[in-house]
């Protein structure tokens, strides 16, 4: 500190030199550091955004792949149904095989009683299906034929279920209301008077509601048979020759594993999360909005288009529109969040990942902090070096200046010490030689003064004094002098 | 009680007016009321050191001697020190060539000068009266010396000054001036001042009031401003201060 103060207060040239050193070193270091930090932080932030977009795309692809597999196998099942219904069976055989289908106490026709007579469905092994028919109206011959024709679908349905681990039920429903369900489930689960044609898995795909005859996914719902949250893929079965509608092939899958894909998304420090919404913006999976599972058949009720800030709702609308991208919004605690999203094209759902913006920019911030300390350290080091360099140059000049002052004031000076032979010390060497010569001259001059004499010509002085004091004026003045002085002194 | 101080040198060019002006200013800085008479009627110049514009000079000591003005009408306040309240009042001599020629031609009554001193002291209630005398020893100068409480004789370390100063000292001693001091001015740097002081005091039998160096800075500035105030740390200024402390 003393060095800096000394340079600052006592050396304008050293001060200018120090300032120049600082200008050409510290300022460029700080400027370049700021530029580097800015570019690096932007690149890091972009990289984080790109990584999150890649993650959401990958997760959406995983979900989509699972659903596509369901779609393909269900299409196969629908083709098989269409072929089976073309197969002619002898009426005698139809009647014989229908004998196994008996109405229960609620007058629902199915295989429950038959399986019980055989020792119970559970004892009969896998690969069994069941039929539901509201027997208040006994089955027509066409319905009876459908029941018998669809018996051969059991191995196919079993195969499909084996391929798809999420498959819960796979079933065909005819326009008359006959439903064949695989695997077997007791008809006791259905309420009295239940009509499958009134249920969404049928209505969503029937031509009246599906003129393009496309595969249709139902909104998530709670399963009637107690299997939890599910969605159903329904495909209309059309006679390829006549174009006649022959029923709906439905495939129920539990979506718990699909939800888990979304809910298991944890990014960065773990505060990020994933969520799924259906094409209407309703929550399929969301860690904050647990869907109610109160009633069988109830659907997801939380709609994100009605939640959060306008910015958030605008982003959800883009998700509903099937877009992919990213955007920012403020949550309820006014904390800024980033949302990256990608569509699940099979079902029209959309997968989103929410991450706090602070975590997105955290690596960039960390790098900024490191860069700041490094730049500050380098700047400090450079400043110290500049001060030291200035001091090294300044100090000999100060000693030189002090020596010059001593010589100027006529004092003898000791020769300045020369620890190396640089430019400044060469100047000091020249000074030493000059000081030595000046000192020698001073000594010579002093010796000369000692010889100086003051000579008064006494005789001449007396003559001159006499010429003055012999005058009348002086004599009169001599007499009056004291009086005159006293008169002046006494003036008030 | 007013102290009357004459500043004299046997020869011209000794720096008499410059030293007189600086003594006056230093005394004023101590809070004194100081009067300065420019009695170097033949070659006046002290007004320049005080920065007195010649265009503002209406009356001079010449006019007083010719009876055309009162002495206080010829006195100009040329320096004041706000902090101490001291001031310097200068009575200049005319610098007009015809006035100088007239005073030399017609001469004047030396006693009139004495009256001027008295009247100025009384009118301005002076603490000090400094008389910047004419070099040499004419009647007016002898009168100034005779009435002084203190006589400051300025000399240079020069053989002619040594001789002339010895005459002045002898005359002043004859007039029984109470306090005679010597000022050695313009001492070259190659002189040993201690040796100068010892020899001068030994030769003249008078104390040295100040030993002032020959200085380029003083030569460049002294004739146009009060150097002791401008550069108080300069050896010349320190010598003036040392001198004033003895008054």
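Direction-averaged projected area, Cα convex hull, region B:85-125: 3.7 nm², rounded to one decimal.
Inter-chain Cβ neighbour count for A:477-486, averaged per residue, equals 6 (cutoff 10 Å, partner chain atoms only).
Rounded to the nearest 0.05, what FRET efficiency do residue A:442 and residue B:123 give with R0 = 60 Å and r taken as the Cβ-Cβ distance? Could you check?
Numbers: r = 53 Å, r/R0 = 0.88.
That pair, residue A:442 with residue B:123, gives E of 0.70.
Each 5 Å bin from zero holds the following percent of Cα-Cα pairs in region A:206-251: 5, 20, 26, 19, 13, 9, 5, 2.
Any idea what angle helix A:310-320 forms with the longest principal axis of chain A, computed on alpha-carbon atoms, 0 to 90 degrees, nearest 10? Result, in degrees: 40.
Per-residue extension of 0.36 nm, minus the Cα-Cα distance of residue A:422 and residue A:357, leaves a gain of 17.5 nm for this segment. Peptides A:19-27, B:125-133 ordered by packing proxy, namely the average of other Cβ atoms within 10 Å per residue, highest first: B:125-133, A:19-27.
For a quick check, take a GNM of chain B with Cα springs below 10 Å and name the residue from B:20, B:68, B:165 with the largest mean-square fluctuation. Most flexible of the set in this elastic network: B:68. Relative to the longest principal axis of the Cα atoms of chain B, helix B:235-245 runs at roughly 70 degrees. Binning the alpha carbon pair distances of region B:177-247 at 5 angstrom intervals from zero yields the distribution 3, 16, 25, 24, 17, 11, 4, 0, expressed in whole percent.
Okay, which of region B:1-32 sit inside 16 Å, backbone N to the point 7 Å along the Cα-Cβ direction of residue B:77? Taking a point 7 Å out along Cα→Cβ of residue B:77, the residues of region B:1-32 whose backbone N falls under 16 Å are B:25, B:28-32.
Restricting to DSSP H runs of at least four residues, report the calculated mean residue ellipticity at 222 nm for the protein assembly as shown, -39500 (n - 2.57) per run over all residues, nearest 500 deg cm²/dmol. Intermediate results must be reported in sequence, preceding the final value.
Details: 25 runs with 355 residues, N = 739.
Helix contribution divided over all residues of the protein assembly as shown: -15500 deg cm²/dmol.
Counting neighbouring Cβ atoms within 10 Å and putting the fewest first, the residues A:124, A:230 line up as A:124, A:230.
Please work out whether region A:329-370 counts as rounded, prolate or oblate from its C-alpha gyration tensor, where a ≥ b ≥ c are the square roots of the eigenvalues and a/c under 1.5 means rounded, while otherwise a/b larger than b/c means prolate and anything else oblate? Please report the intermediate quantities before stating the final value.
Details: a/c = 6.48, a/b = 2.01, b/c = 3.22.
Note, shape of region A:329-370 comes out oblate.
Would you mind classifying region A:297-446 by shape? Square roots of the alpha carbon gyration tensor eigenvalues, ordered a ≥ b ≥ c; an a/c under 1.5 is rounded, otherwise it is prolate if a/b is larger than b/c and oblate if not. Intermediate values should be presented prior to the final figure.
On the way: a/c = 9.08, a/b = 6.21, b/c = 1.46.
Prolate.
What is the fewest-to-most order of A:333, A:40, B:215, A:467 by other Cβ atoms lying within 10 Å of their Cβ?
The order, fewest Cβ neighbours first, is A:333, A:467, A:40, B:215.
Taking square-rooted eigenvalues a ≥ b ≥ c of the alpha carbon gyration tensor, is region B:49-121 rounded, prolate or oblate, where a/c under 1.5 means rounded and, failing that, a/b exceeding b/c means prolate? Present the calculation step by step, with values, prior to reporting the outcome.
Working: a/c = 2.78, a/b = 1.57, b/c = 1.78.
Oblate shape, in that a/c is at least 1.5 and b/c is the bigger or equal ratio.
First obtain the Kirkwood hydrodynamic radius of region A:125-258 from its Cα pairs, then insert it into the Stokes-Einstein equation at 20 °C and 1.002 mPa s, and state the resulting D in µm² per second as a whole number. The partial results should precede the final answer.
Numbers: Rh = 15.3 Å.
The calculation lands on 141 µm²/s.
Which percentage, to the nearest 5, of the DSSP beta bridges contained in region B:3-245 is antiparallel? Kindly include the intermediate steps, with their values, before the conclusion.
Details: 4 of 34 bridges.
Of the beta bridges lying entirely in region B:3-245, close to 10 percent run antiparallel.
Here the extension length gained between residue A:114 and residue A:27 equals 22.0 nm, from 0.36 nm per residue of separation less the Cα-Cα distance.
By counting other Cβ atoms within 10 Å of each Cβ, how are B:186, B:230, A:414 ranked from fewest to most? Can you show the working numbers first?
On the way: B:186 20, B:230 13, A:414 9.
Listed from fewest to most nearby Cβ atoms, that is A:414, B:230, B:186.
Counting every alpha-carbon pair across region B:3-245, the share separated by more than 29 Å comes to 24%. Annotation for residue A:482 and residue A:462: the two label points, set 7 Å from Cα along the Cα-Cβ direction, are 2.7 nm apart. Taking label positions 7 Å along the Cα-Cβ direction at both residue A:334 and residue A:288, the computed distance is 1.6 nm, reported to one decimal.
Calculate the FRET efficiency for residue A:189 and residue A:61 from the Cβ-Cβ distance with a Förster distance of 41 Å, rounded to the nearest 0.05. Walk me through the intermediate numbers first.
Working: r = 36 Å, r/R0 = 0.87.
After rounding, the FRET efficiency stands at 0.70.
The mean count of C-beta atoms from other chains within 10 Å of the C-beta of residues in A:458-467, rounded to a whole number, is 4. Mind checking the angle between helix A:458-469 and chain A's longest principal axis? C-alpha axes, 0 to 90 degrees, to the nearest 10. So the inclination is approximately 90 degrees.
When the P(r) of the protein assembly as shown is calculated, the portion above 42 Å amounts to 63% of the C-alpha pairs.
Site pair residue A:38 and residue B:53 shows an inter-label distance of 6.1 nm when each label is modelled 7 Å from Cα along Cα→Cβ.
Just so you know, all these numbers are worked out from the coordinates, no wet-lab data involved. Computed from a predicted structure; not experimentally measured. Please note: Cβ atoms are built from the backbone with ideal geometry, for glycine as well, and neighbour counts cover all protein chains shown.
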